[in-house]
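Before any comments, here is the structure.
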Amino acid sequence: MKISDLDEFGVDGWLRHRLKSWGIESLTEIQQRSFSAGVAAGRSLVVSAPTSSGKTLVGEVAVLCALRSGVRAIYLVSHKALADQKYLDFVARFGEGSAEPIASVGLNTGDRTEGDIDSLLMVATYEKALGLFLSGQLKPNNALVVADELQILAESGRGPDIESLCSALRQRGVKQFVALTATVDNPEDIAGWMGCDLVRSTRRDVPLYQEIWYGGRVHQTRFGDEDGQELRGETVATNDVGAVVNHVLRLGRGPVLVFTESRREASTFATEFGQSRPRVGIGMAMAQQLDFFSEPTESSDQLRENAERRVAFHTADLSPQERQVIESGFTDGKFEVCFATSTLAAGVNFPFRTIVFSKLTYRWGDRAGTHIVRSDYRNMSGRAGRLGMHPDGFAVLLPQNSVELAHANMLVRPDNDRLESQLVNLSLRKSILMLIASGLASSFTEVMAFFENTLYWYQTLNRNPQKLTALATESRAVVEWLHSNGLVRDQAGTLFITPLGNAAAMSGLLPATAVKLAAMLRLVGPSLATNFDEWIPGLIYAACASDEFTAERPSRFFPYPAPMTYESVTFWGTKRLPVELDRNNLKLAHCAHAVALYAEGLADRKIAHITHVPGGMIHRLALDVAWVLDGMHKLSTTPELGCPQAVSNQIAMLARRVRWGAPTEALDVLRVAERHGVPGFGRQRVMGLIAQGIATLHDVLGTAKDKLTQLLRSEPRAQALIDAVCSTVGLGPSRLAAAHHRTGQELGIERKVKECNDSLGTAYEAAIAALMQVEAAWAVTVLDDGTRQNVPDLLIELGTQRILLECKTCTKSPALIKKEEAWAVIQKAADFDADMRRVTLGKPAFDETSKKKAAASDGITLVEHGVFTEGLLRVHSGTLTPAEFLTWLGTPGVAEIERLGGDPTYLDK
């Protein structure tokens, strides 16, 4: 159907114009059916169709129509890489990058946050969306929710959280729910559960031909057909992947993607295949791009060598810039062959015409000895023959024996797998804790009422109702466990979340992990306060030893060190550990050792040599460990544990060090370089700068450009770093600004709030004093009134509470407040009563060195502008008392919003 023929579905000229501006001239079958079902008119749909059938456009049309009507939209995706891609697409289509912008666009994946907290269109991963929902930052009421790749409900690891989120969204009452799912046998279950109309199609608009190469014969079956045919012609040895790929290229079916089991296998195959091909001009140009955009890592030399021969490998450990060069190279037709792990099958659109499955049986890890499952095969083979790029696609399967041949024949059949709920298979404790924390249930009866909204209940009710009786018994035991471990309070049958339970729920940790980490913090908290650095390796070990990695059904997984020895166990035997050392778990010892070295900034090659953890897997492991440490930080801020704010500050800082793989002083440079896309600049190059005494943003600007060029081995790279540092204002825009403006309007003080946000220097001091004077309970005295020299700016008094406040703004490059400015209040307050608390209010933000020093001091508080304004507006709104605010403000360390009482301004009233 042509776009011009959409009138019959109520589509007006404005929408047709938008679609044409996206290059859409006609609709696929599933798109046509979705328009007919009312996707543009606000109808809730479950859209089930094969990969490469055009489902994505259906979700984007729903977003477009919602935004046009002023309806908030939430776009949920399965993977961080896909979230990054959708964010860029949506900024270009709907946001500031569009010729006709209609909405603000935000992104939240946990690792990356962009845009305002109140963005009209928010892109998030499912897991991060659940955390935002629990904290009140995700507002689904009367919103559009698009749930992409929803077939991942069937995954045992991720499915329970995603089902809990969707059930919560259903109970809260979204305006429109659009689910996009690959072909499953029972999409009507999802539609019935979520109260949606079902739109389904088994047609791929780009034909996919599935070929089984075995015993010198080729059998071809078109996707969706029951029967196939044997093809005549030349065949090759199927145990030689290189020969297979060359044969596919001779048939004119490139570009080719070969799926491999591991990162090492992908890089090895790429190198072996590349050595048989000549260097060519177009490949040399791609290698130069990779040299510019790559860090000197274990894989960078190999990437460049392969690129010269128009060959690439694609694995999870590549840097975002390396992935971007490779992906754009395939889009532009500059590469011919890619060897990749399944990370490339995560819904991102790449133009491969042929997919080769080099093996059908896994050899390593937890899956060793098992066959590739049909859902994975469908997702991966769906990358072949992409819509709008190729006339057809090919999936080539290479069984190596009769058992694999039978499995291959099963994979190419048109049968689909049933999607079954996994809700009770991971952590019922986590699901019920989420219900109580979010306010969806405040009694056992309401807990069970919520379960009636789940896919599990929908599927089980008619098939095996006895299971529902068992669910009630298990749920009651879970509530008792949560109560006995201090995560909830049971008061005459009414369930209340405790601060510890709320922190556990928002962290995303398994409740058992949260309870064990809380017990650990109670035990070693006093020691952490006196000598935190000595405990750093031990805290990393504790994160790795948590149930997230070591439970019978873990939520995170260790890579496999090879070989495993007792050397890392010996290393841990010399460290202070807050948990017992498990001398029998060699994998734990190796992986925790690798992360500890990574946080110190050691090169990947050296870490791999010492710990035997593959260099390419260390970054991914570090992200998972940093996530556990983030959860530990959330727990540490709760009053039940009694951890000083300085300890919480240092745990948060440790999580950042682990995430970025560098010491504290280098974090600002790394984050600024990533935000501004400095090519080929990461932890390896920043450690090279540190070795030369160049650690902070100010150090970078104080270094001659010639020296930076020499150290970074590229004049454009050095200039890009200088430009990034010069253009830095804080570490990104305040995500609370819109919420603060709205609250200011509600309170009639929006002008005062705006002046605080906009002003600098002495004008900022005056604006802060004026905003504070809205509250009559405290006395605000301007000390630095122009007649007195070298004194703090303000004195705030309430009873016995007295705060000396120094206001600092920064407009120079870089616009981060450095240590000397942050600590100026100590010198200025030297003649004042020692009982007065010394506080520096910084705008836009402090550098990491300042925060590190403050976290180790009991004589100063650093508070950033956005956090200070949030607290002040809670006072003016009446949800936080002035005394509570001043107690929070005077607590030593870096003031944390997690410790701030009252109602957040960004929550729905």
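Points worth noting:
- Normalised by 2.2 N^0.38 Å, where N is the number of residues, the alpha-carbon radius of gyration of segment 651-789 equals 1.42.
- Take every pair of alpha-carbon atoms less than 8 Å apart whose residues are at least six positions apart; their mean separation over the length of the chain yields a relative contact order of 9 percent.
- Measuring only protein heavy atoms, the 1.4 Å probe finds THR445 accessible over about 100 Å².
- Segment 795-870-segment 281-318 distance, computed between alpha-carbon centres (Å): 46 Å
- In the chain, the longest principal axis of the Cα atoms and the axis of helix 715-726 are about 40 degrees apart.
- Accessible area expressed per residue, segment 511-660, with surrounding protein chains retained (probe 1.4 Å, Å²): 38 Å²
- Accessible carbon and sulfur surface of segment 3-200 relative to its total accessible area, %, 1.4 Å: 42 percent
- Rounded to the nearest 10 square angstrom, MET506 shows an accessible area of 60 square angstrom against a 1.4 Å probe.
- Just so you know, the Cα atoms of segment 208-412 work out to an Rg and Dmax of 16.4, 51 Å.
- Placing +1 on each Lys and Arg Cβ and -1 on each Asp and Glu Cβ, with no other charges, gives segment 3-200 a dipole about its Cα centre of roughly 360 debye.
- Of the residues ALA856, GLY274, ALA738, the one whose Cα sits farthest towards the positive end of the charge dipole of the chain is GLY274 (charges of +1 on Lys and Arg Cβ, -1 on Asp and Glu Cβ, taken about the Cα centre).
- Between SER857 and THR469, the contour length at 0.36 nm per residue exceeds the alpha carbon distance by 134.2 nm.
- Principal semi-axes of the equivalent ellipsoid, √(5λ) from the alpha carbon gyration tensor of segment 110-204, are 24, 15, 13 Å from largest down.
- The coefficient of translational diffusion for segment 427-497, derived via Stokes-Einstein from the alpha carbon Kirkwood radius under 20 °C and 1.002 mPa s, stands at 174 µm²/s.
- Lys/Arg +1, Asp/Glu -1 at C-beta; the chain dipole; positive extreme among GLY283, MET506, GLY601: GLY283
- Debye intensity ratio I(q)/I(0), log10, segment 179-253, q values 0.16, 0.21 Å⁻¹ (C-alpha model): -0.73, -0.96
- Within segment 1-109, GluC sites (Glu not before Pro) in DSSP loop having at most 15 other beta-carbon neighbours inside 10 Å: GLU25, GLU96
- When only Cα pairs below 8 angstrom with a gap of at least 6 residues are kept, segment 497-564 shows a relative contact order of 26 percent.
- Projecting the alpha carbon convex hull of segment 1-101 along each direction and taking the average yields 6.5 nm².
- Over segment 3-200, volume per residue of the alpha carbon convex hull, in Å³: 109 Å³
- For the residues ARG671, ARG204, ARG429, a 1.4 Å probe over the protein chains yields an accessible-area ranking, largest first, of ARG429, ARG671, ARG204.
- Where only C-alpha atoms are counted, convex hull volume of segment 556-695 per residue in Å³: 134 Å³
- Along its three principal directions, the equivalent ellipsoid of segment 759-909 from the Cα gyration tensor extends over semi-axes of 22, 18, 16 Å, largest first.
- Student exercise, the chain dipole from Lys, Arg, Asp, Glu Cβ charges, in Debye to nearest 20: 920 debye
- Percent RCO, i.e. relative contact order, over segment 208-412, from Cα pairs under 8 Å lying at least 6 residues apart: 26 percent
- Dimensionless Rg over Rh [the chain; C-alpha; Kirkwood]: 0.97
The values are calculated or read from the model by the stated rules, or taken from the named source; none is laboratory data. Not measured: the values here are computed from a predicted model. Using ideal geometry, Cβ is built from the backbone for each residue, glycine included, and neighbour counts are taken over all protein chains shown. We work out accessible area using only protein heavy atoms, side chains counted, and drop any ligands, DNA or RNA first. Shrake-Rupley method; radii C 1.70, N 1.55, O 1.52, S 1.80 Å.
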